[in-house]
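This report refers to the structure that appears directly beneath it.
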Amino acid sequence: MYGNDFAPPEDGPGGGLLGEVEAAEAALREAAARARRGGPAPDEDLAAYFADVIDADQKIEPRDWMPEAYRKTLIRQIAQHAHSEIIGMQPEGNWISRAPSLKRKAILLAKVQDEAGHGLYLYAAAETLGVSRDELVELLIDGRQKYSSIFNYPTLTWADVGAIGWLVDGAAIVNQVPLCRCSYGPYARAMIRVCKEESFHQRQGYEILHTLAHGTPEQKAMAQDAVDRWWYPSLAMFGPPDGDSTHSAQSMAWKIKRFSNDELRQRFVDMCVQQAEILGLTIPDPDLRWNEQRQAHDYSQPDYDELMQVIKGNGPCNRQRMEHRRRAHADGAWVREAAAAYAAKRNSREKVAA
Ligand code: BYC
């Protein structure tokens, strides 16, 4: 259980997904403290050394040799993840000026700022792989790198802010907690901090929905409508089904991904069922039911053709999101120029002083 202030946590304090984040953090510290091989022996094959580190569940660090395909996969995934955090500020940012109270506005502002912070940690993690943040931003703006499908859906009502917190941030946590154990050190460390903050985001969304669901009939209907619209796109966030996932097998062999797309999707569904009951809202799936044999819920799959269309740029808001991002980038040019001029001036002053 995570992010649920309305029922006791299933596994007690420190249990559930946040408990897993804490355990991953402890494992990272333990791996760093363990007497480790300082690097490959002079005559050792670098690929064999890399495989050894992965097998031993140690971390690959920026100084280490790594296969080019491992580096490329990480750059692709971390960049896509960073872009998602930045584009993900738009659907909710859209509601900052219309939040129903000062308290809601302050909370939403803080949340959207956190997403910018997550983008920065992730761009910084990607930079350790030998690519610059400027290059990655250019790749996004030229449409050569992706961001999560989920941010191409509109936020029509205030309840959507609650549904994004509960379902979108909830799906994000289920996907990202295992990334705290990713084999690449800088990504794993960034994910620990992101997951702790993300858990708070999920709680704020859950609390918005809980308030609406226990308000007037109109408020409850608005909350249900938001859940109806965000449920299947949230399931699709986990990516194509395992049989169609191009990268999963290799990413799992490298311990970048620890679970397949379908395994995480199932985990998410199982977690949401009890939370929906406490909310008093219905998950819009008539076929959702407990399967005693599998010890998991059977559920209807999202529309994967729709996911592919959204990934290709044909979702309801793709054009709007990219236009906004390009405009914001152009509007920020003077800030980047001023920062670069200031850094150059400071450098030359330091040189004169030295
Ligand atoms: N949307 O082989 P597969 C957030 C692409 S931010 C778009 O299974 P992989 C938040 C995939 O890239 C949430 N594209 O790929 C922020 C690949 O295409 P390419 C973002 C998708 O990488 C603000 C192709 O489909 N989270 O939570 O093994 C506010 C085949 O897929 C999607 C992350 O980025 C999608 N949904 O697995 C609130 C987490 N799904 O690159 C919340 C890190 C698949 O070959 N990323 N594709 O052209 C991951 O865990 C993995 O990259 C994925 C996909 C599970 C997403």
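The values are calculated or read from the model by the stated rules, or taken from the named source; none is laboratory data. What you see is a predicted model; the values in this text were computed from it and never measured. Ligands, DNA and RNA are excluded from the accessible area calculation, which covers all protein heavy atoms including side chains. Shrake-Rupley method; radii C 1.70, N 1.55, O 1.52, S 1.80 Å.
List of remarks:
- Heavy atoms of residue 336 accessible to a 1.4 Å probe, total area in Å² rounded to 10: 100 Å²
- Once the chain from residue 144 to residue 338 is taken as fully extended at 0.36 nm per residue, the excess over their C-alpha distance is 67.1 nm.
- Note that the chain presents 48 Å² accessible area per residue, ligands and nucleic acids not counted, probe 1.4 Å.
- Accessible area, probe 1.4 Å, largest first, for residues 66, 89: 89, 66
- Residue 131 contributes about 20 Å² of solvent-accessible surface, heavy atoms of the protein only, 1.4 Å probe.
- The value of relative contact order for the stretch 270-354, using C-alpha pairs under 8 Å at least six residues apart, is 12 percent.
- Nonlocal Lys pairs with alpha-carbon distance under 21 Å, the chain (8 or more apart, or different chains): 15
- Ordered by 1.4 Å accessible area with all protein chains kept, 334, 231 run largest first as 334, 231.
- Net length gained if the chain between residue 211 and residue 354 were fully extended (0.36 nm per residue, minus Cα distance): 45.4 nm
- At least 18 Å along the helix axis (C-alpha) and Kyte average at least -1.0, DSSP helices within the chain: 16-33, 68-87, 102-127, 185-213, 217-236, 261-279, 333-353
- Area of residue 325 that stays accessible when all protein chains are in place (1.4 Å probe, Å², to 10): 40 Å²
- Portion, in percent, of the accessible area of the chain that falls on carbon or sulfur, probe 1.4 Å: 56 percent
- Rounded if a/c under 1.5, otherwise prolate or oblate - the stretch 217-354, Cα gyration tensor axes: prolate
- Alpha-carbon centroids, the stretch 82-152 and the stretch 217-285: separation in whole Å: 21 Å
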